[in-house]
Amino acid sequence: MNLLFPLCREPRHEERIREALERCVAFLIERLPSSHLVAVVLTGSFARGEGSVLPRGGVLRVLGDFEFFVVLPSGHDARAERRQFATWGHEASMRLAAAGIQAEVEFGPVEVDFFRLRARPSIFVSDLRTYGKVLWGREDLLTEIPEFGVEQIPSDDALSLLFNRTIEQLEAYDRVGRASPEALLDIVYQRLKLTLDLAGSALAFAGVHTALYQRRPAAFARLLAETPSLGQHLPTWYADELTRAAAAKLDPAEHIAWPPERASVDEQRELLRGAILSAAPAVAALLRWELEQTISAGGELPFLLDAYTRTPSLRHRVREWARVVLHPMPAPLPITHAMIAGLVWRSTPRALLYAAGAQAYLELAHLVTDGDDFMRLLPVARAARPRQAAARRAAVVTLWKWCIRNN
């Protein structure tokens with residue numbers, strides 16, 4: 001098993017993290033015969049040597065997760081097998097917890113043909129080819145991904161990263177109220193990742209993507225100096241917050257002080273809700289900048305979001321809605337074919353969900369108050385549309401998970 005590479009910035013934790021990764025791979029090998037397993041690939045922060053680890057008493061807390069690509073032979077329907085792999089990921093997490101390592105494990109099944117035939121320029125594929133690590137199986141697998149430069153990453157991929165992180169803030173805001181005191185730390189970390197990925201989105205959009213968090217503050221500072229339009233609406237505090245977020249990602253034990261001293265759980269929740277909303281001006285500024293470049297027009301965010309939803313071609317819309325209709329998992333909310341037929345003429349499900357999620361987040365932060373109902377962008381039967389604000393936000397998040405993140 002190949003584990004001879006740095007995993008995090010804390011050498012004292014390396015041995016236990018390696019042991020945890022070995023356990024995860026062994027877990028998979030127990031459940032999949034060799035004929036059904038081509039390789040196990042580590043992706044994400046730990047593959048880049050930037051994993052975030054926080055000791056808590058005798059427990060080692062992994063912030064974020066262990067992300068694996070489980071590479072299956074040709075002919076497997078990886079989409080249909082995701083539920084099984086999600087269950088296995090949960091089971092592997094429980095095993096690690098019993099060994100004193102608290103970490104979420106994500107097993108993502110993918111067919112071997114993906115690397116050679118279907119991997120396209122994107123932020124994820126760029127990071128996978130450059131920093132991914134084959135822990136078990138075919139060592140040459142990642143070299144099958146066609147080479148490309150970061151300038152070839154599509155701008156829409158960078159914009160998708162920004163939209164996805166925005167919708168995650170919606171989920172985090174409403175999760176704060178029911179999260180356990182220990183789980184609040186996960187939301188602190190998610191807020192930190194938002195700061196880093198706002199810069200990551202802008203850099204990728206401009207064709208100068210860098211996967212390494214340690215390089216992002218300097219790279220973003222250069223982009224800001226070279227691109228006056230980027231800083232036009234960006235809050236002045238963002239650059240300093242980006243520097244602090246990078247330091248905290250690499251050395252959380254030194255830079256993440258949570259929970260705050262003498263703060264009750266209710267006070268912690270209020271602090272977190274405030275932190276989630278405080279990011280909204282930076283999110284809005286970067287959304288505005290990227291959307292203006294995308295549609296080649298200026299204007300306020302509601303106008304830009306509306307114009308963005310109208311950019312996909314009719315052929316693209318039909319194809320994407322067909323994927324929704326043929327989704328292997330049942331819809332989590334009542335979806336009608338009549339609503340889909342109407343929305344086909346408007347946009348793709350992805351673009352509509354992104355616009356609805358951005359509008360919901362900006363409304364939550366009181367940055368958008370034009371009264372436009374974002375629920376009209378969703379293919380949910382009118383009678384089933386929730387009226388309470390929290391339920392409406394939850395509808396966006398639920399459909400986003402079903403239609404985009406897990407599809």
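Bear in mind these aren't lab numbers, they're just calculated from the coordinates by the rules spelled out. This is a predicted model, so every value here is computed, not measured. Positions of Cβ are generated from backbone atoms using ideal geometry, with glycine treated the same way; all protein chains shown enter the neighbour counts.
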Calculated FRET efficiency, Glu91 and Ala389, Cβ-Cβ r, R0 30 Å, to nearest 0.05? 0.25
From the helices alone, meaning DSSP H stretches of at least four residues, give me the mean residue ellipticity at 222 nm for the chain, per-run term -39500 (n - 2.57), in deg cm²/dmol to the nearest 500. -16000 deg cm²/dmol
Please compute the contact order of the chain in relative form: average sequence separation of alpha-carbon pairs under 8 Å and at least six residues apart, divided by the residue count, as a percent. 14
What ³J(HN,Hα) values, in whole Hz, does the Karplus curve 6.51 cos²θ - 1.76 cosθ + 1.60 give for region 303-311 when θ = phi - 60°, with x put for Gly and Pro? 5, 5, 5, 5, 5, 4, 5, 8, 7
Classify region 63-127 as rounded, prolate or oblate, taking a ≥ b ≥ c as the square roots of the eigenvalues of its Cα gyration tensor: rounded when a/c is under 1.5, otherwise prolate if a/b is larger than b/c and oblate if not. oblate
Nearest 0.05, what FRET efficiency do His327 and Glu182 give at R0 = 30 Å with Cβ-Cβ as r? 0.35
Mind putting a number on the dipole of the chain about its Cα centre? Charges go on the C-beta only, +1 for Lys and Arg and -1 for Asp and Glu, and I need it in Debye to the nearest 20. 920
Sites excluded, chymotrypsin sites (Phe, Trp or Tyr not before Pro) in DSSP loops with at most 16 other C-beta within 10 Å, longest stretch of the chain: 1-147
GNM result for the chain, Cα springs below 10 Å: residue of Glu147, Glu30, Glu300 fluctuating most strongly: Glu30
Residue-count net charge about Glu67 - beta-carbon cut-off 12 Å; Lys, Arg +1, Asp, Glu -1: -2
Contact order normalised by length for region 110-193, with contacts defined as Cα pairs under 8 Å and 6 or more residues apart; what percent is it? 28
Under the classification rounded if a/c is under 1.5, otherwise prolate if a/b is larger than b/c and oblate if not, where does region 84-217 fall, given a ≥ b ≥ c as square roots of the Cα gyration tensor eigenvalues? oblate
Write down the percent of antiparallel bridges among all DSSP beta bridges whose residues are both part of the chain, to the nearest 5. 60
Largest first and rounded to whole Å, the semi-axes √(5λ) derived from the alpha carbon gyration tensor of region 182-266 read 28, 13, 11
Antiparallel bridge percentage (DSSP; both residues within region 11-148; nearest 5): 60
With the crude spin-label approximation of a point 7 Å out along Cα→Cβ, what separation in nm comes out for Asn406 versus Phe124? 1.5
Inter-part distance where region 183-224 and region 363-404 are each reduced to a Cα centre, Å: 27
By Cβ neighbour count within 10 Å, fewest first, Ser201, Ser313, Ser347, Ser155 rank Ser313, Ser155, Ser347, Ser201
Sequence gap at least 6, Cα distance under 8 Å: using those rules, report the relative contact order of region 155-291 to the nearest whole percent. 35
Span from the region 263-300 Cα centroid across to the region 85-117 one, whole angstrom: 31
Hits among lysines - C-alpha to C-alpha of Lys401 under 21 Å, sequence gap 8 or more where chains match: Lys193
What do the square roots of 5 times the Cα gyration tensor eigenvalues come to for the chain, in whole Å, largest first, as semi-axes of the equivalent ellipsoid? 32, 27, 23
Rounded if a/c is under 1.5, else prolate if a/b is larger than b/c, else oblate: which is region 297-405, with a ≥ b ≥ c the root eigenvalues of its Cα gyration tensor? oblate
With the chain treated as a Gaussian network of Cα nodes joined by springs under 10 Å, which of Ala206, Ala338, Ala365 yields the largest mean-square fluctuation? Ala338
Considering the chain as a Gaussian network with a 10 Å cut-off on Cα pairs, which listed residue, Gln388, Gln268, Gln214, attains the greatest mean-square fluctuation? Gln388
